[in-house]
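The values are calculated or read from the model by the stated rules, or taken from the named source; none is laboratory data. This one's a predicted model, so the numbers in the text were calculated from it and none came from an experiment. Don't worry about glycine lacking a Cβ; one is built from the backbone with ideal geometry, like all the others, and counts go over all protein chains shown. Note: accessible area is taken over every heavy atom of the protein model, side chains too, but ligands, DNA and RNA are not part of it. Shrake-Rupley method; radii C 1.70, N 1.55, O 1.52, S 1.80 Å.
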Amino acid sequence: MQDMQYYEMRAFLFERQTANSVPFMLQQLADLWKCSTKNAKRKLKQYQAQSLCVYEPGIGRGNMSKLTFSQDFQDEIDQFIRIAVEQENLDKLLILLQLNIPRDWFNAVSSQINELFGLQSKDNDQDVLRSIIARPFSVLDPLHTAINMESSLLTQLGDPLVQFDATNQTIKPCISHYWTSENNHTTWTFYLRKGIRFHHGRTLTSQDVQHTLEKAMQKGTVAYWQLNDIQQIERPSNYKITIQLRKPNPFFIRYLCLGALVILPYDVPFDEYKWVSTGAFKIVERTPKKLVLEAFDNYFLERPLLDRIEFWLVENQRRPMAVITHLGNEESEDYTDYAAKDYGVNIITFHFEHCLFARHPAFREAMFHALNPKDMLQALEDIENVEASSYFIRNSKPQQRDQRKIKTLLKKANYNGEPLQFAVFSHVKTVQQGKWLVAHAAKFGIQLQLRIIDLSSQFYDKMLFDDIDMSMGGDVPSYDIEVAFMDFYSNPNLAPQRYLAKEDLAHIETLLQQARQFKNQKDRYAVYDQVESYIRDNHLLLFMEHITKHQQIHSMIQTEEKHLYGHLNFKSLWIK
């Protein structure tokens, strides 16, 4: 098996080669390999010494060199894959999958590759799940994580005080086995299980719970808004903790169910690459290309039936994850396609601080009429996603738009075609939608300039958004959609808190505070309707579409919980 730079070179030159020969400039390979031309020439001579090719240097400055390869590229790829599968060399195999190689070349060996991915039962009765991810994991700090893929892992690695049962809309024990609420929901007392062990071996006490809550109460964390009513935390014993609130909040316990508040040890500085907590799984390896979890044998609840989970990164996928896993075999009886129609909602946000036009109601209304999600979905032949007018899919219905009003509204807002920066995240489908919206807006004299933001590396870099006028992104609710709705408008990392005007956020927060006082869900939803009416009437956000997420789940995977933030709940998963 050759070094990967050889295959990188062959993939780079493949489209221009004829009968295994190809002309090239030495500087091109130097750029590809990120080295000097001298080192590139040395590498080519090494390949020639290994009888892989014949290298004919160009004569004179600026003349093309020539390579003649000894073997057909497809045959080399076939041989490479067979050796990689035999040796279970996943690292090199995944690098190969990211090269610009025709996908149908993999069809002949797809069954062998599938043996490495998906479900593995080892000789020592170890059940291993290997999964391909399309982007690197970003922040895995529970106090700052605001992206759904990462959020789905938090409760696999740690546990909150209590759990929310979305099916029955009830609270279940977790770290705490019993709790009370007194003095009109201002005094909350939690009784902790004994014998709960952290991944590093120490037993959990109330000091760890206090440490976790006090860290989360700091301004700037994703949980700050949920805990800012806490007045005092007391620890009457190692297994009892009391939280005193400044004002009544019967909804408070729902916050304590979230992944952002998994209990962390007070005696270990948090390290998102090591992750010491109490969860069913622990991190044993994390690199930019790979994340490996193993079951925690001393887990205080039911031990996971999976022994190991491996996430392998394949970036720049031109096809969905499942197709890359199957390498061209799109129809597979072994996998079932699960579609979540209520996966989340896509929303356009105006950046009030930077965009002067956004402060004018007429401009926002003009954009409402111009950027019609129904037209976008039809033009892009999207028959799965549905038009949104609400955060909640059950409340969404088509809204009346009138393009005849746009010109007058833009004139009223004094907008005369000035360029506006329009940001979207780097999902393939989102970028496609962004390009359509830019072209469509131009028909009405609205000049949007598309800016693509990498979700993994740039989402949390607020300086990148300083000169953005509008942005489009999706929000994926947690299993507790009411808390997710409140979080959407209160989380400092999400669009409303980052970009809406302070006076509008204050009005929304006043309404949400009212909702938190109601014990009855119907009364709370009546307040949520008021929030959304305020948003729609003032066009503060433009609801675009409800997102459908597909998951290819192997028939051998058994679980009653298909989605957790749209991802598998590995704790309840087993292999048939």
Exercise for the section: Check residue 31 against each of (1) in contact (Cβ under 8 Å) with a residue 12 or more places away in the chain; (2) open to solvent by 60 Å² or more (accessible area, probe 1.4 Å) and name the one condition it does not meet. Expected result: (1)
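Of these, 499, 479, 528, 489, which one is touching a Ser or Thr at 6+ places or on another chain (Cβ under 8 Å) and of a type in the set (Phe, Trp, Tyr)? Break it down stepwise before answering.
Numbers: 479 fails: touching a Ser or Thr at 6+ places or on another chain (Cβ under 8 Å); 528 fails: touching a Ser or Thr at 6+ places or on another chain (Cβ under 8 Å); 489 fails: touching a Ser or Thr at 6+ places or on another chain (Cβ under 8 Å).
After applying the criteria, what remains is 499.
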Practice task
Just give me the residues in region 492-547 being over 16 Å from residue 389 (Cα atoms) and outside any helix (DSSP H, G or I), in sequence order.
Solution key: 492, 493, 494, 500, 501, 517, 518, 519, 520
Problem - region 201-235 - residue that is part of a strand (DSSP E or B) and free of Cβ contacts under 8 Å to residues at least 24 places away in the same chain and, of those, farthest from residue 506 (Cα to Cα) - result: 203
Handout entry: Cβ pairs under 8 Å, 6+ apart, first in region 394-407 and among the aliphatic types (A, V, I, L, M), second surrounded by 12 or more Cβ atoms within 10 Å (Cβ to Cβ)
Key = 406/366; 406/369; 406/370; 406/444
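Find the helices (runs of 4 or more DSSP H) located wholly in region 1-60 whose residues include 1 or more that are among the aliphatic types (A, V, I, L, M) and over 42 Å from the mean Cα position of the chain (by Cα), and list them.
On the way: elements: 4-13, 26-33, 37-49.
Hits in region 1-60: 37-49.
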Problem - Among (1) more than 24 Å from the chain's Cα centre (by Cα); (2) more than 24 Å from residue 306 (Cα to Cα), the one test that residue 216 misses - result: (1)
Practice task
For region 187-196, indicate whether the set of residues that are closer than 15 Å to residue 490 by Cα, assigned to a loop (DSSP other than H, G, I, E, B) and open to solvent by 30 Å² or more (accessible area, probe 1.4 Å) is non-empty.
Solution key: no
Exercise for the section: Go through region 441-474 residue by residue and tally those that are over 19 Å from residue 357 (Cα atoms) and modelled with pLDDT of 85 or more. Expected result: 4
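Are there any strands (runs of 3 or more DSSP E) wholly within region 257-362 with 2 or more residues that are modelled with pLDDT of 90 or more and open to solvent by less than 30 Å² (accessible area, probe 1.4 Å), and if so which? Before you say what the answer is, go through the steps one by one.
Working: elements: 281-287, 290-295, 308-313, 335-350.
Of the strands (runs of 3 or more DSSP E) lying wholly inside region 257-362, those with at least 2 residues that are modelled with pLDDT of 90 or more and open to solvent by less than 30 Å² (accessible area, probe 1.4 Å) span 281-287, 290-295, 335-350.
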